[in-house]
Amino acid sequence: MSLIDSISGKLLSKSPAEAVLDISGIRFRINISLSTYENLPDNGTDVEILTYLHVKEDLLVLYGFKDLSERSLFIHLNSVSGIGPRSAMNILSGTDPNKFKNQIIDGDVKSLTVIPGIGTKTAKRIIVELRENFIENSLSKNELGFSDDDTKNALIKDVNSALQSLGYKTNQINNTLSELNKRGELTGSIEEVIRKALSKMI
């Protein structure tokens, strides 16, 4: 975890690549993505930016994010061999974090290469190194809006695996299961839930 979790201060200036915050006379220059830039308020406004402090030899660089999802993806990308923090920020500027994660889970090399800075080899490397982690996270109760019910979560994982084996995309499965959960229909045996899900995906 980064030493500096977030910074709150007055926004002095902003550009698609960086923002400058004033905190009691000390000005912090923060590298940001395009989506974070688009979510910043007007100059002169107080703002809080989630951050990640990158330390390399005698270099300290602050990276800023609009939300936890964007920062989490940055940290994951930064862990991939061959992708540094600058490359990770460029990737974030060209995609939506949730959409990007689903493309990785689905192993969609073609869609990933549309994003600036990602070639075929890089896309395959990202999928190999991050896919399993994102699949596990996509099944979490928080992401799908489920309760702290271990029995239900076990059912969800089994149903998810079964539907994936039938060729359905992870994003489609998650949306369907979320809908069933909201309707109170995520009950019964695995076979029954699978039938309910299939009826909504046809």
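We did not get these values from a lab; they are worked out from the coordinates using the rules stated. Small disclaimer: the values here were computed from a predicted structure and weren't measured. Cβ: placed from backbone, ideal geometry, glycine included. Neighbour counts: every protein chain shown.
At-a-glance table
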quantity: Fluctuation leader among Ala123, Ala154, Ala17 - the chain, Gaussian network, Cα springs under 10 angstrom; calculated: Ala154
quantity: The stretch 68-137 pair-distance distribution - Cα-Cα, 10 Å bins, rounded %; calculated: 22, 67, 11
quantity: Relative contact order (percent, whole number), the stretch 68-137, Cα cutoff 8 Å, 6+ residue spacing; calculated: 31 percent
quantity: Rg/Rh for the stretch 1-64, where both radii come from Cα atoms and Rh is the Kirkwood radius; calculated: 0.95
quantity: Residue-count net charge about Ser111 - beta-carbon cut-off 15 Å; Lys, Arg +1, Asp, Glu -1; calculated: +3
quantity: Neighbour-count ranking [beta-carbon atoms within 10 angstrom, fewest first] of Met201, Met89; calculated: Met201, Met89
quantity: Rounded if a/c under 1.5, otherwise prolate or oblate - the chain, Cα gyration tensor axes; calculated: prolate
quantity: The chain: calculated mean residue ellipticity at 222 nm from DSSP helix runs of at least 4, using -39500 (n - 2.57); calculated: -15000 deg cm²/dmol
quantity: Fewest-first sequence of Ile104, Ile23 by Cβ atoms within 10 Å of each Cβ; calculated: Ile23, Ile104
